[in-house]
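The values are calculated or read from the model by the stated rules, or taken from the named source; none is laboratory data. Note that the structure is a prediction, hence the values are computed from the model and not measured. FYI the Cβ positions are ideal-geometry reconstructions off the backbone, even for glycines, and counts take in every protein chain you see. Just the protein is used for accessible areas: all its heavy atoms, side chains included, with ligands, DNA and RNA removed. Shrake-Rupley method; radii C 1.70, N 1.55, O 1.52, S 1.80 Å.
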Amino acid sequence: MRWGLEGRIALVTGASRGIGRAIALRLAEEGCDVAINYNMSPEAAGEVVLAVEALERRAIAVHADVSSPEQVEAMAAEATRALGEVDILVNNAGIHQHLKSWEMAPEDWQRVIDVNLTGSYLTSRLMGPRMADRGWGRIVNISSVVAMSGTDHEAHYAASKAGLHGLTKSLALELSPRGVTVNAVAPGWIRTDMTADATEEEMVEAMREVPLGRIGEPEEIASVVAYLASPDAAYVTGQVLHVNGGMGLY
Ligand SMILES: NC(=O)c1ccc[n+]([C@@H]2O[C@H](COP(=O)([O-])OP(=O)(O)OC[C@H]3O[C@@H](n4cnc5c(N)ncnc54)[C@H](OP(=O)(O)O)[C@@H]3O)[C@@H](O)[C@H]2O)c1
């Protein structure tokens, strides 16, 4: 334990796998009770609950497709009933799809925007004001390096993540005066299911753009989220923290 988060209640979206799972476990290590949101992977979410409980913190798996206002409302109510009012919201759930802009159907575009961007709005609009009423809260949005760089094969994904930066800064302006900080973490290449389909050749090529010369681990995003959630980050709001091994420096 490092960051003084004992007794805080966290909700992490998309916590059944990958980066979200690592964030949930790290927040539990820091002393938080954690609501583990999942959509399609109930068993994996159940395993994360057990892992949190093994750290002697409380946990609950809460289902919601974050793009659904009704499901998000039910998830927030269930998490609050089980654990208490949410102090720390991590908007991590995300999907991507490898397509040129002219190959994707309008429905493909809409789905990625709905999950990656609208989902974060839906959770924040519910939980942000309740944190503000209590005078303390943290919202951390997980964006991506492509929000800044763009990408030649998933314009909807890049647009959703760039939108998340606008949402982050706007929420920070609205909520910071009432004690709630709002920040984003923009990962580069991280070892999860999302990057598992890259060929070895593609990975070697990708690593040429990473000064640290390797892919990142989910825990390396989780530690930055834990910092932003902590009292030590009380004067950090409306920022995007880039965690990408130095991509963009060359
Ligand atoms: N990996 C990278 O290199 C990388 C780089 C930059 C940014 N990111 C961002 O980091 C976040 C996590 O990515 P990851 O690599 O950990 O991905 P991942 O391994 O594919 O996991 C995605 C997670 O999001 C959840 N999810 C997907 N759609 C959802 C929905 N509609 N409602 C609720 N949950 C949903 C999944 O839950 P279920 O399985 O239960 O459906 C899963 O837990 C994403 O926002 C991603 O864009 C990742």
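Quick look at the numbers
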quantity: Scan of region 159-211 for residues that are over 22 Å from V115 (Cβ atoms), open to solvent by less than 20 Å² (accessible area, probe 1.4 Å) and within 16 Å of the ligand (Cβ to nearest atom), ordered by number; calculated: A206, V210
quantity: Scan of region 83-100 for residues that are within 14 Å of the ligand (Cβ to nearest atom) and out of contact with any Phe, Trp or Tyr (no Cβ under 6 Å at 6 or more places or on another chain), ordered by number; calculated: L89, V90, N91, N92, A93, G94, I95, Q97, H98
quantity: Qualifying residues in region 59-82 (those that are open to solvent by 40 Å² or more (accessible area, probe 1.4 Å) and within 12 Å of the ligand (Cβ to nearest atom)) - the one farthest from the chain's Cα centre (by Cα); calculated: Q71
quantity: V49 under 20 Å from A76 (Cβ atoms), open to solvent by less than 10 Å² (accessible area, probe 1.4 Å) and over 13 Å from the mean Cα position of the chain (by Cα); calculated: no
quantity: Only listed residue being part of a helix (DSSP H, G or I), open to solvent by 30 Å² or more (accessible area, probe 1.4 Å) and at pLDDT 95 or above, chosen from E85, E43, E56, E103; calculated: E43
quantity: Every residue from region 145-158 that is touching a residue at least 60 places away in the same chain (Cβ under 8 Å) and surrounded by fewer than 19 Cβ atoms within 10 Å (Cβ to Cβ); calculated: M148, S149
quantity: Every residue from region 9-23 that is under 20 Å from P231 (Cβ atoms) and either crowded, with 23+ Cβ neighbours inside 10 Å or within 16 Å of the ligand (Cβ to nearest atom) (or both); calculated: A10, L11, V12, I23
